[in-house]
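Inspection log for the structure reproduced underneath, given as structure tokens.
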Amino acid sequence: AIHGRGAPTACAHSPTPACLRFRAMARSSTLRRALLAAALVACAAGEADTSRAVDLSMASDDECTAGGERDCSLSALQRRAKVQAEEGRFAQEGDEDVAAEPDAVGGEAPAREAAAPAAEAPAEAAAPAAAEATTTPVASRDVTMLGCQGPWCTTINEFNALFDTNDPPKMQQAIDKYSEWPSDKMGIKVGVTKDHFYEMYHGNVKNKLQEYLPQGMFAWTFGDHYQVFQEPSAANGQEVVVVRDGTITFALGWVRRGMFWNAVVQPLGAGMTFPHSKLENFDDCDNCSAEMIYTLKKGGLDGSEGERWVIVGLAVVKMA
């Protein structure tokens, strides 16, 4: 048996089995402390997975305790080599992860962030051009458009909002607010053939429509398809002519139609016809094709309206 303070010294060189086991245990304890210390240092430096290192160190201590001095020394070397190999593999994997994963705050690695402004610059430069193309569409002559396109369309759309109600007072309001006429004897031309029309004076629209519409003598409806028939130019006094597709109904009967023709229908000027119309005879029809023809002038008749487009002519023409 070994007792007291002098026991370690006494066993330092003794070949007895008891001293051999004691020295192995002492080495095991020393090795355990050394390995644990190494694991803690690695953890503080952030170089390895501490839990793996501690588990391997504890496993080597268990084998040292169970075997002799030779077993302890061999196991300790093997376990330490394994710990170092594990630490090296984890460090390499950690470096690869850092290189591959995006930055947690910025969403991209620094190299990508540096390249981002150059990639975004063309899109930002193109944005104003795209916005301008959207807000100022180009209207082509004789091309059917879904919805009115052009700087004159603010006037047309606001006029339509009132006129399309088929409510005579609102239709009169549209005429009064958005149109100008050089004479009281001018107004909406209702074309019954390619070159003959009935004119509804602009100041008398409400009264005439209140008379005709309840009797079902005629009615019209217009949609969202438009064409620019004439573009503004110096030669035409900067007037634009816009055509809108729709339908019209006449239900006069043979007698009233004859009276209507003889009393109020008049011809256009010599050689003049309505755009697109080829109709020779005036007959009744139900929802036959029709066109509404707007003539607008920038600034109005005398230019006093500035940049505002004003209706200076309006026709509803039967096409079939």
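A short reminder: the numbers here are calculations on the coordinates, not readings from a lab. The model shown is predicted, which means the values in this text are computed figures rather than measured ones. Positions of Cβ are generated from backbone atoms using ideal geometry, with glycine treated the same way; all protein chains shown enter the neighbour counts.
Under 8 Å for C-alpha pairs, at least 6 residues apart: give me the relative contact order for segment 185-299, rounded to a whole percent.
Values: 182 pairs, mean separation 37.9, N = 115.
Once normalised by length, the contact order is 33 percent.
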With the cut-off at 22 Å, tell me which of the pairs K170/K208; K177/K278; K185/K208 have Cα atoms farther apart than that. K177/K278
A235-L301 pseudo-label distance in nm [points 7 Å out on the Cα-to-Cβ vector]: 2.6
Segment 201-314: mean projected area of Cα convex hull, nm²: 9.0
The extension gain from L213 to T154, computed as 0.36 nm times the residue separation minus the Cα-Cα distance, is 18.5 nm
Note: A270 to K185 extended length (0.36 nm per residue) minus current alpha-carbon separation gives 28.6 nm
M259-D283 pseudo-label distance in nm [points 7 Å out on the Cα-to-Cβ vector]: 2.3
Using only C-alpha atoms and all pairs of different ones, pull out the Kirkwood radius for segment 145-198 in Å with one decimal. 12.9
Counting pairwise Cα distances across segment 267-320, what percent come out greater than 14 angstrom? 64
Here, segment 150-274 modelled as identical Cα point scatterers in vacuum has Debye log10 I(q)/I(0) at q = 0.22 Å⁻¹ of -1.73
Between segment 285-301 and segment 200-256, how far is it from one alpha carbon centroid to the other, in angstrom? 6
Extending each Cα 7 Å along its Cβ direction at T165 and D224, get the distance between those two points in nm, one decimal. 2.1
